[in-house]
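The values are calculated or read from the model by the stated rules, or taken from the named source; none is laboratory data. Only a predicted model underlies this, so the values are computations on that prediction, with no experimental measurement involved. Ideal geometry is used to build each Cβ from the backbone, glycine not excepted, and the neighbour counts take in all protein chains shown.
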Ligand code: SAJ
């Protein structure tokens, strides 16, 4: 009898395994790079021919991966970018790293995973190790992959192997990367888990095996829902402190001196990014489908989504102290990306604040040293204006949304008439022209 498990174990141990990565975005490309550097024969599969051409030219489109790395692995290692799924016929393992966005009704959009499975099923063969990495609700691996392949007559844990291993990529993080961030992995059977651990531990420092794909799927959502709820909590405390006339920032710093039992989170203009605003909704959706209503998750989403409006009201208050209505005022937003020193605009609260101010009749512009333009909800391209410190006084109000390192707060303070600070970036300045969220 063909023992696929032993064969695959040998191939992985000897680095003869041919590994595919489907989806070459901010998760898949770093994964393909690390696999290539560990001497596997790697095929990067993506439908976007523009990405494939860029990689073939040795160009990276992911901020944390350099052009040199791409040139190096395509030239000296066996990395082949391709848009052809047929290569799966010759692969021993494949990791699926495609997007899992939300639909307009905030339900999980698993269409990308389904599209991959429709291709994978054409080229499926015995002996293949499949690992899903896309963030999704508990049960996806079983429902969309295991059941589909079992219907084709394959037997999981015997003639193919199936795992879920959530991504923990933090774009722009200079301390943690694909190799040194511990990675959870859960297989459908013990043999699946062992093979997944065998492969992933050959290029990632720490693998955390768990008993099933569901535990692995749930752990990812728990991590990020924990974060969303804590951010919502501190945002609510900021609005409460504002009402009570207590400085939330000083209060947090005081509480943070507790050496145990406290974890610091800071208020902000809302939450952006590809994870924190979305992941809790996967959990909420799964809860509802199991007839369970998670009040925590829903309340956290509501509070976080309210923050842009809270900032808008703070700007209105600040302009009022200068006898200026929002209508007709010149306002400059600083930092449109959702967090410092990156160019990612996804779900950025600054976009919502921009629209609120424009709808309120303000003459709004933005500057971001990394995110050079965005398309507004009317389809119009909005371009970042050049930051000329000497002309800052021409604005009735400056709003600091994201404190990129590129901003010089001393100069911003000296040249601005009025600053609404959503990040406590101007905590060194005690001046009435600085109006902070979370402070009355
Ligand atoms: N935010 C706050 N207050 C906080 C922390 C964050 O308002 O105390 C806001 C940020 O401004 C941002 C949003 O929340 O708009 C999300 O910030 P984030 O620091 O969570 O950054 P992300 O979205 O890049 O989250 C990723 C996640 N990583 C993965 O899912 C693999 C998250 O689990 C990490 O904890 C986070 O990076 C990190 O710590 O950098």
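Across the stretch 138-175, which residue is farthest from the ligand (Cβ to nearest atom) among those that are in a strand (DSSP E or B) and closer than 24 Å to residue 222 by Cβ? This residue is 162.
Restricting attention to the stretch 116-137, the residues that are crowded, with 17+ Cβ neighbours inside 10 Å and in a loop (DSSP other than H, G, I, E, B) add up to 7.
Please determine, by comparing only the residues of the stretch 176-189 that are assigned to a loop (DSSP other than H, G, I, E, B) and more than 11 Å from the ligand (Cβ to nearest atom), which one is surrounded by the most Cβ atoms within 10 Å (Cβ to Cβ).
Checking each candidate, the answer is 188.
Within the stretch 261-273, no residue that is within 22 Å of residue 247 (Cβ to Cβ) and without any contact (Cβ under 8 Å) to a residue 12 or more places away in the chain sits with its Cβ atom under 9 Å from a residue that is within 6 Å of the ligand (Cβ to nearest atom) and assigned to a loop (DSSP other than H, G, I, E, B) at 6+ positions apart or across chains.
Here is the figure for the stretch 320-339: residues that are away from the ligand (no atom under 16 Å from the Cβ) and within 23 Å of residue 386 (Cα to Cα) total 6. If you check residue 23 against the conditions, is it assigned by TED's automatic domain parsing to the domain that holds residue 206, under 25 Å from the mean Cα position of the chain (by Cα) and at positive phi? So residue 23 passes the test.
Among the candidates 113, 70, which residue alone is crowded, with 16+ Cβ neighbours inside 10 Å, under 24 Å from residue 215 (Cβ atoms) and touching a helix residue (DSSP H, G or I) at 6+ places or on another chain (Cβ under 9 Å)?
Working: 70 fails: under 24 Å from residue 215 (Cβ atoms).
Result of the check over 113, 70: 113.
Assess whether residue 203 counts as being assigned to a helix (DSSP H, G or I) and either farther than 25 Å from residue 145 by Cβ or not assigned by TED's automatic domain parsing to the domain that holds residue 302 (or both). No. Apart from one condition, residue 282 fits all of (1) over 30 Å from residue 134 (Cβ atoms); (2) touching a strand residue (DSSP E or B) at 6+ places or on another chain (Cβ under 9 Å); (3) in a helix (DSSP H, G or I); (4) within 16 Å of the ligand (Cβ to nearest atom); the exception is (1).
Within the stretch 237-263, restricting attention to residues that are farther than 12 Å from residue 424 by Cβ and within 12 Å of the ligand (Cβ to nearest atom), the residue that is surrounded by the fewest Cβ atoms within 10 Å (Cβ to Cβ) is 263.
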